[in-house]
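See structure below.
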Amino acid sequence: MTLVQWLLLRFEAPHGRVFWHDLRTMVNLFDSSSIHPAALDLGKLFEARGFELSLVGGPVRDLFLGSAALDLDFTTNATPDETLDVARDWADAHWEIGREFGTIGLRKGDAMIEVTTYRAEAYDPDSRKPMVAFARKLEDDLFRRDFTINAMALRLPNLELVDPYGGIQDLSAGILRTPGKPEDSFSDDPLRMMRAARFVSRLDVDPSADLVAAMTDMAERIRIISAERVRDELIKLINGDNPRRGVELLVSTGLADSVLPEIPALKLETDAQHHHKDVYEHSLTVLMQAKDLETDDGPVPAPDFTLRFAALMHDVGKPATRKLDGTGAVSFRHHDVVGAKLVKKRMRALRFDNETIKNVARLVELHMRFYGYGESGWTDSAVRRYVRDAGEQLERLHRLTRSDVTTRNKKKAQRLAHAYDDLERRIDELAEQEELDSMRPDLDGQQIMRILGIDPGPMVGKAYNYLLNVRLDEGSLGEEEAERRLKEWWASSDDS
Ligand code: CTP
């Protein structure tokens, strides 16, 4: 496709998403400066040996979105052995671990590279193992890929864009579609249903109607996929720019019933008669509010999976603890503790690491603790206990608690925010006080007695206080200088 053709297409696109951005990217693309130099080098090497080589998938998609990737995926008509032959001496390192599936891994400088022989694989519908078959043409390889936006290739070294299934058009129109029938694609690899939700969250694209219908029909097929692969997609989904949309798609298609059933279960909590809040909607809002509180340069840099997942899951204990009293009021006693247990169980099933499980569960367990604060005010020891129980999760707990306010009552929201400001202020004050309290002079009582040749008594305390004041005024002096100053003070003291 030429630049002019592409521009014409762009003007015809249904809605003009990021037009100038695309234009700039396109110009960059054709002057090749935004392509990693290693990609161009490798393209020339393959061409010289009579093989085809194209950049493919994520890196091509990301070029159009204006972000350059360091993970470079290539596809080629060379066999794995031929790829090794061409690239072994050029690369800084190489891996043959995926060779059986047609993939050779290479590293060149900061670029991590995978070169895969054109694939025409089909998966056995009842198993997770792909049956490997190689294709002869690039277009065939592209056809078996998950989505049109990932089924584009850039031939190297001449930078010809190959986009047989309308990936660019879908990307600029913001549509997620499969190159062929979605049922076939999901049957090949059911993980692609999770990937669809991940791309909805990450790229803010709309899934096509047939894609959603296929996901809904085939949702249960996700159960043949390993927990680890599902977990990795879930993390990417939660860490996307619009995790709310990704989670909503999981829930509306029924995929969440298999991978994260605690979330659709929150929907049961809507109760018109006793009209307490819809916990599902509330949890999605808290997720987005928590995301908005992440700060790049602070202690919780974006995207922070632990905070976001805790925000999404913080109320999962509610369905099991819901009680109606005689007056029709609803309560969820101990839903924090019950929720923390459910979170642990779910995260273990999804094979999360112990550290992440512990941190998310701790946040869920503590998310209600602050609510006693406004009413009775806390003693210093209660504030200290809050800090100690939160441990390293304190910064996240601040953010989770603040984002857990979704009331439309502005006064109430303000009151809670001020109460939390006050709690944070007291935490800071106590920390400062404790730092002071733990400060010691450079010499202890024993040393003072030895140096001055005195017995225990009030003079030791006086000398100790003198040295403590010097320490506060001037910082640490070191033992030698402290001894000199102590003797000086003693000599000028009336008591010496
Ligand atoms: N792919 C696919 N089906 C899958 C997984 C991957 O068709 N189940 C193809 C897609 O063309 C995808 C490429 O393999 O673009 C690389 O996959 P992956 O690295 O997982 O995703 P990316 O699209 O590169 O995105 P990211 O790097 O952001 O994870």
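The values are calculated or read from the model by the stated rules, or taken from the named source; none is laboratory data. Predicted model only: the values in this text are computed from it and were never measured. Positions of Cβ are backbone-derived with ideal geometry, glycine not excepted, and every protein chain shown enters the neighbour counts. These accessible areas exclude ligands, DNA and RNA; they are computed on the full protein's heavy atoms, side chains included. Shrake-Rupley method; radii C 1.70, N 1.55, O 1.52, S 1.80 Å.
Here the label points at R484 and T356, each 7 Å from Cα along the C-beta direction, are separated by 5.6 nm in the simple model. Name the shape class, rounded, prolate or oblate, that the alpha-carbon gyration tensor gives for the range 445-492, where a ≥ b ≥ c are the square roots of its eigenvalues, rounded holds for a/c under 1.5, and otherwise prolate holds if a/b is larger than b/c and oblate otherwise. Prolate, because a/c is 1.5 or more and a/b exceeds b/c.
Per residue, what accessible area does the range 118-250 have, given a 1.4 Å probe and all protein chains present, in Å²?
39
Model label points for F134 and K411, set 7 angstrom from Cα along the Cα-to-Cβ axis, are 7.5 nm apart. Estimated from helical segments only, the mean residue ellipticity of the chain at 222 nm is -16500 deg cm²/dmol, where each DSSP H run of four or more residues counts as -39500 (n - 2.57). What is the Cα centroid distance between the range 441-496 and the range 242-263, reported in whole angstrom? That distance is 67 Å. Across every pair of non-identical alpha carbons in the chain, the mean reciprocal distance, once inverted, gives a Kirkwood radius of 27.3 Å.
The mean accessible area for residues of the range 445-492, using a 1.4 Å probe and ignoring ligands and nucleic acids, is 64 Å² per residue.
If you wrap the Cα atoms of the range 275-393 in a convex hull and average its projected area over all directions, you get 8.9 nm². Among 442-450, 354-362, 295-303, sorting by the average number of other beta carbon atoms lying within 10 angstrom of each residue, highest first, gives 354-362, 442-450, 295-303. Shape class for the range 100-228: oblate, because the ratio a/c of the largest to smallest gyration tensor axis (alpha-carbon atoms, square roots of eigenvalues) is 1.5 or more and b/c is at least a/b.
Each residue of the range 322-338 is assigned a 3J(HN,Hα), and the resulting list reads 5, 9, 9, 8, x, 7, x, 6, 9, 9, 10, 4, 6, 5, 5, 5, 4 Hz, derived from the Karplus form 6.51 cos²θ - 1.76 cosθ + 1.60 (θ = phi - 60°), x at Gly and Pro. By accessible area, using a 1.4 Å probe on protein heavy atoms only, the chain has 49% of its surface on carbon and sulfur. Note on K108: aspartates and glutamates with a C-alpha under 15 Å away, same-chain residues under 8 apart excluded, are D41, D71, D73, D89, D92. Taking the charge dipole of the range 42-90 about its Cα centre, with +1 at Lys and Arg Cβ atoms and -1 at Asp and Glu Cβ atoms, the residue from G58, L84, F74 reaching farthest to the positive side is G58. Largest first, the extents of the alpha carbon coordinates of the range 175-260 on the three principal axes equal 28, 28, 19 Å.
Shape verdict for the range 58-124, please, from the Cα gyration tensor: rounded (a/c under 1.5), prolate (a/b greater than b/c) or oblate.
On the way: a/c = 2.18, a/b = 1.15, b/c = 1.90.
Cα axes put the range 58-124 in the oblate bin.
Counting only protein heavy atoms and a 1.4 Å probe, the range 302-391 has 50 square angstrom of accessible area per residue.
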